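Trainee: Before I ask anything, here is the structure I am working with.
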């Protein structure tokens with residue numbers, strides 16, 4: 001018996017995918033339950049570190065926008081120190097990918113420090 005593979009849904013050729021109007025709640029889910037999730041979040045307060053740490057221990061990747069904290073450097077540095085300790089605990093990775101985004105990964109997932117050259 002052949003397992004059912006996820007069906008890819010295609011956008012008709014006469015349409016295009018306009019990212020300006022795209023939102024995650026309109027995205028389609030292709031396939032079955034994943035073993036790892038990629039979460040995005042806006043980091044605005046220290047209390048969110050527990051949620052991030054939980055997701056990290058669950059084996060998920062977290063993309064974090066820390067824009068709300070850029071004006072409070074002291075809090076931002078404390079939070080980043082906490083996140084670095086959490087990442088070290090699980091042998092994960094923490095990398096800044098822009099001036100306002102970081103990526104945190106669990107064990108056995110590393111973020112390349114080199115950009116792809118196409």
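Trainee: May I ask you to sort 116, 43, 37 by Cβ crowding, counting other Cβ atoms within 10 Å and putting the fewest first?
Mentor: Arranged by neighbour count, lowest to highest, 116, 43, 37 become 116, 37, 43.
Trainee: Given a Förster distance of 25 Å, report the FRET efficiency between residue 110 and residue 65 from their Cβ-Cβ distance, rounded to the nearest 0.05.
Mentor: Computed FRET efficiency for residue 110 and residue 65 comes out at 0.75.
Trainee: Using the Kirkwood radius over C-alpha pairs as Rh, can you work out the diffusion coefficient of segment 36-105 via Stokes-Einstein at 25 °C, viscosity 0.890 mPa s, in µm² per second?
Mentor: 207
Trainee: Here's another thing I want to ask about it. Give me 93, 65, 58 ranked fewest to most by other Cβ atoms within 10 Å of their Cβ, as a rough exposure proxy.
Mentor: By the 10 Å Cβ count, ascending: 58, 65, 93.
Where a number appears in this text, it was derived from the coordinates with a stated rule and is not lab data. Fair warning: this is a prediction, and the values are worked out from it, not measured in the lab. When we count neighbours, we look across all protein chains shown, and the Cβ atoms used for this are built from the backbone with ideal geometry, even at glycine.
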